[in-house]
Amino acid sequence: MARDLAEPPARIGPNALTQTAAALTALKGAAAAETIFARAGLLHRWREPPGEMVPEAEPARLFAAVAEALGEAEARAVLAESGRLTGDYILANRIPGPARGLLRLLPARIAAWMLLSAILRHAWTFAGSGRCRAEGLSLVIEGNPLRSPGGVWHEAVLSRLFARLASRRAKVSRISAAPERFAISLG
C-alpha cells in the first residue's frame, strides 16, 4: 500500500485570522466581517476563532476576500489595522518582558538587528512556506503565501514591532513586490 509522502500544508499563526476579524468588525461592522469570512470559506473560523496555527491558505483566502469585497483602498486600511493588532499581540504575548526591556535599552541599530534576527528565526509563523532572509536592514520574503495589497499587513506588523522595540521613529515599507522586500528605517 502506497503512503502519501506529501508534506503537510505550511501553517501560520492564528492572528492573521483573528486580528483581521477584529479589524473588520471595528472598521466595517460584524455583519460585513461575517460575510467576508463566509466568502473566503472560513465561516467556521468566524464562529470559532482558532487558538493555534492554521493552514497558510486560510489567511491567504481571507486577505483575498477582503480585497475583493472592499476594494484596494479599504482593504489596505483593514489589513493594516489587522497587522497593527497582530504586532500588539506579539508584543504582549510572544516576546518575553526581559527581551523587550533589553531591546529598548540598546542603541536602535543594535536593537533592530537583534529583532530582525529573532523575526527570521520565527518567520514560519507569519510567512508559512515563504522563504525569509535579511538583506541589510531589510526583510525579504520569497514566495510569500500571505500577500496583502501593497504588503500592508506585513508592513504594519513589522512597523509596530520595530517602533516599539528598536526606535519610536522606526517605519517599515515594502519596497519591492517580487520578492517582497520590506525596508526598515529607524528614523
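The values are calculated or read from the model by the stated rules, or taken from the named source; none is laboratory data. Nothing here was measured: the structure is a model prediction, and the numbers come from that model. Glycine also receives a Cβ, built like all others from the backbone with ideal geometry; neighbour counts cover every protein chain displayed.
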Practice prompt. Tell me which residues, restricted to segment 153-168, are within 9 Å of the chain's Cα centre (by Cα) and over 15 Å from ALA92 (Cα atoms).
Written response: TRP153, HIS154, GLU155, ALA156
Worksheet item: Is it the case that some residue within segment 43-54 is in contact (Cβ under 8 Å) with a residue 60 or more places away in the chain, outside the structural domain of GLU155 (by TED's automatic domain parsing) and either part of a helix (DSSP H, G or I) or among the aliphatic types (A, V, I, L, M) (or both)?
Response: yes
Discussion item. Taking the condition of being part of a helix (DSSP H, G or I), over 13 Å from the mean Cα position of the chain (by Cα) and basic (Lys, Arg), how many residues in segment 77-105 meet it?
Written reply: 2
Fill in: Selection status of GLU81, more than 15 Å from THR25 (Cβ to Cβ) and either among the acidic types (Asp, Glu) or modelled with pLDDT under 95 (or both)
no
Worksheet item: Name the residues in segment 106-144 that are in a loop (DSSP other than H, G, I, E, B) and touching a Pro at 6+ places or on another chain (Cβ under 9 Å), would you?
Response: GLY128, SER129, GLY130, GLY143, ASN144
Discussion item. With the requirement that a residue be under 15 Å from the mean Cα position of the chain (by Cα) and polar (S, T, N, Q), what does segment 130-147 give you?
Written reply: ASN144
Worksheet, complete the sentence: For segment 36-56, the count of residues that are out of contact with any Pro (no Cβ under 6 Å at 6 or more places or on another chain) and crowded, with 17+ Cβ neighbours inside 10 Å equals 6
Worksheet entry | Residue identified as acidic (Asp, Glu), in contact (Cβ under 8 Å) with a residue 60 or more places away in the chain and outside the structural domain of ARG76 (by TED's automatic domain parsing) among GLU155, GLU180, GLU135, GLU142 | GLU155
Practice prompt. Looking at (1) assigned by TED's automatic domain parsing to the domain that holds LEU43; (2) buried (at least 18 other Cβ atoms within 10 Å of the Cβ); (3) free of Cβ contacts under 8 Å to residues at least 60 places away in the same chain, find the lone condition where ALA64 falls short.
Written response: (2)
Worksheet entry | Which listed residue is modelled with pLDDT of 95 or more and surrounded by 22 or more Cβ atoms within 10 Å (Cβ to Cβ), from LEU146, LEU137, LEU120, LEU158 | LEU158
Fill in: One residue from LEU79, LEU103 being in the same structural domain as LEU165 (by TED's automatic domain parsing), buried (at least 17 other Cβ atoms within 10 Å of the Cβ) and either under 24 Å from LEU116 (Cα atoms) or in contact with a Phe, Trp or Tyr (Cβ under 6 Å, 6 or more places away or on another chain) (or both)
LEU103
Worksheet item: When you scan segment 151-172, how many residues do you find that are of a type in the set (S, T, N, Q) and under 21 Å from VAL66 (Cβ atoms)?
Response: 1
